[in-house]
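Novice: Structure in structure tokens, see below.
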Amino acid sequence: MLAAVRLRPMSVRDVIVEAIRTRGTIGFDEFMELALYGEGGYYDEPPVGVDGDFVTSPHVHPVFAELVARALTELHALAGAPSPFLLTEVGAGDGTLARGLLPHLEPIRPTYVAVERTPGARRSLAGVDGIEVRDRLPDTSHVLIANELLDNLSFRRLRGTEDGTREVVVGLDGDRLVERLIEGDDGAPPLDPGEEVVVPAGALAFVEDLAARLTRPGYALLIDYGGVGEPGGVAHGYRAHRPVEDLLDRPGETDITAGVDLGAIADRAEHAGLVAFPPVTQRAALTALGFDRWIRDELERQTRQLDRREGLEAVRTWSGRSRATLLVDPTALGRLRWLLLATPGSPPPGWIRP
């Protein structure tokens, strides 16, 4: 009798190597798909939070969710106060934003759909009360929100050389993953030698998908790093709160990201039939939603605590207020951009006006 053979599951790196050996070099966007979202990939277990590789705005302070809830409540009203109210969060991660939003959204009672592509992330979301967890966009949504999602969707990389613009692909040198350069397509922009930009292929496809699923009226709020009318930023990675230079090293264990050209995203959205309002910084959006008033209230609370000789509570209030200022700091999270898309004829909310 033959003994049973227990096969070891293929690692993310094994899958990538096998793909290259079978088909030749693969695009950087395919490498990203396998490294981040493939079985056992980086996002299969949400890596966010103090104990993870990075933090996002909802992890910094609960006031972020409180103010975003005000923004979503206004969008609900501008959409005609539909009931049921279909709210979708894409890239819901570990559920921190959902947990923060739901108490503040209770008056409008949303049907809250949290979307995550990987099984591990969906298992994490299963513990959040009051949400539906799915692996793809629902057929319809009145309002959609995606916080720091676009920069992690797969992108292509273009690099300038002495011979013109070339595309970065991934190949093998023995068993080592290495970058190769191939001819860029006809639409590739001219780049100086050493200059590199990204083409946000995944983000552009995502915008086209959501455009087909928004109700009329409907809104999509996209919050991310990037500029407007500028080529996407240089690809970079993170692991354990530290930058990683070699993006091919230890695939599945490293975050891969790049700033997004929100101008290109807006153009694609309008081509798909939506209206794109001018992006505003997170600092501007949160200020318009009442951040400064919240800061003043916290300062007054700290003063009252000191007057009552509640020293420990006063220190906690001061600490929380200090953390919260990172949300609007223009050198930190305040430089994030809020891009609001809408179906034609939908009015802009007050918080997006300059």
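The values are calculated or read from the model by the stated rules, or taken from the named source; none is laboratory data. None of the values given here were measured: they were computed from a predicted structure. With ideal geometry, Cβ positions are generated from the backbone for all residues, glycine too; neighbour counts draw on all protein chains shown.
Novice: Among the residues of region 248-297, what is the count of those that are within 16 Å of the chain's Cα centre (by Cα) and either assigned to a loop (DSSP other than H, G, I, E, B) or without any contact (Cβ under 8 Å) to a residue 60 or more places away in the chain (or both)?
Specialist: Qualifying residue count for the region: 5.
Novice: Report whether or not D163 is without any contact (Cβ under 8 Å) to a residue 24 or more places away in the chain and under 30 Å from L181 (Cβ atoms). Outline the logic, then answer.
Specialist: Working: without any contact (Cβ under 8 Å) to a residue 24 or more places away in the chain: yes; under 30 Å from L181 (Cβ atoms): yes.
Answer is yes for this residue.
Novice: Look through region 300-354, keep the residues that are touching a helix residue (DSSP H, G or I) at 6+ places or on another chain (Cβ under 8 Å), of a type in the set (S, T, Y) and modelled with pLDDT of 90 or more, and return whichever of them is surrounded by the fewest Cβ atoms within 10 Å (Cβ to Cβ).
Specialist: If we take residues in region 300-354 being touching a helix residue (DSSP H, G or I) at 6+ places or on another chain (Cβ under 8 Å), of a type in the set (S, T, Y) and modelled with pLDDT of 90 or more, then T325 is surrounded by the fewest Cβ atoms within 10 Å (Cβ to Cβ).
Novice: Kindly indicate the residue of region 140-154 that is among the β-branched types (V, I, T) and in a strand (DSSP E or B) and also surrounded by the most Cβ atoms within 10 Å (Cβ to Cβ) among those meeting that condition.
Specialist: Out of the qualifying residues, it is V143.
Novice: For region 171-228, enumerate the residues that are of a type in the set (D, E), part of a strand (DSSP E or B) and more than 21 Å from G259 (Cα to Cα). Step through it out loud before you land on a result.
Specialist: The first filter runs over region 171-228 and keeps only residues of a type in the set (D, E), leaving 173, 175, 179, 183, 185-186, 192, 195-196, 208-209, 224.
Narrowing further to those that are part of a strand (DSSP E or B): 173, 179, 183, 196, 224.
Within region 171-228, D173, E183 qualify.
Novice: Here is a check on your reading of the model: is D94 surrounded by 20 or more Cβ atoms within 10 Å (Cβ to Cβ), among the acidic types (D, E) and under 17 Å from the mean Cα position of the chain (by Cα)? I'd like the intermediate steps shown before the answer.
Specialist: Details: surrounded by 20 or more Cβ atoms within 10 Å (Cβ to Cβ): yes; among the acidic types (D, E): yes; under 17 Å from the mean Cα position of the chain (by Cα): yes.
Here the answer is yes, as D94 does meet what is asked.
Novice: Hey, among the residues in region 216-234 that are over 19 Å from V90 (Cβ atoms) and at pLDDT below 90, which one's surrounded by the fewest Cβ atoms within 10 Å (Cβ to Cβ)?
Specialist: Out of the qualifying residues, it is G229.
Novice: Okay, moving on. Restricting attention to region 185-215, which residues are acidic (D, E) and at pLDDT 85 or above? Break it down into steps so the answer makes sense when it comes.
Specialist: Filtering region 185-215 down to residues acidic (D, E) leaves 185-186, 192, 195-196, 208-209.
Result: D192, E195, E196, E208, D209.
Novice: Pull out all pairs, ordered by first then second residue, where Cβ-Cβ is under 6 Å, the residues are six or more apart or on different chains, the first lies in region 48-71 and is polar (S, T, N, Q), and the second is at pLDDT 80 or above.
Specialist: Here the result reads T56/E148; S57/F64; S57/L327; S57/L333, each pair linking region 48-71 to a residue that is at pLDDT 80 or above.
Novice: Taking into account only those residues within region 235-271 that are under 20 Å from T56 (Cβ atoms) and among the charged types (D, E, K, R), which is surrounded by the most Cβ atoms within 10 Å (Cβ to Cβ)?
Specialist: Just the residues of region 235-271 that are under 20 Å from T56 (Cβ atoms), to begin with: 235-244, 253-260, 262, 265.
Subsequent filtering for residues that are among the charged types (D, E, K, R) retains 239, 242, 253, 255.
Details: R239: 17, R242: 9, E253: 18, D255: 22.
By that ranking, first place goes to D255.
Novice: Quick test of your reading of the structure: G334 fulfils all but one of (1) part of a helix (DSSP H, G or I); (2) farther than 18 Å from T73 by Cβ; (3) not assigned by TED's automatic domain parsing to the domain that holds V55. Name the failing condition by number.
Specialist: The number of the failed condition is (3).
Novice: Among the listed residues R157, R117, identify the single one that is in contact with a Phe, Trp or Tyr (Cβ under 8 Å, 6 or more places away or on another chain), assigned by TED's automatic domain parsing to the domain that holds R268 and part of a loop (DSSP other than H, G, I, E, B).
Specialist: Values: R157 fails: part of a loop (DSSP other than H, G, I, E, B).
From the options R157, R117, the qualifying one is R117.
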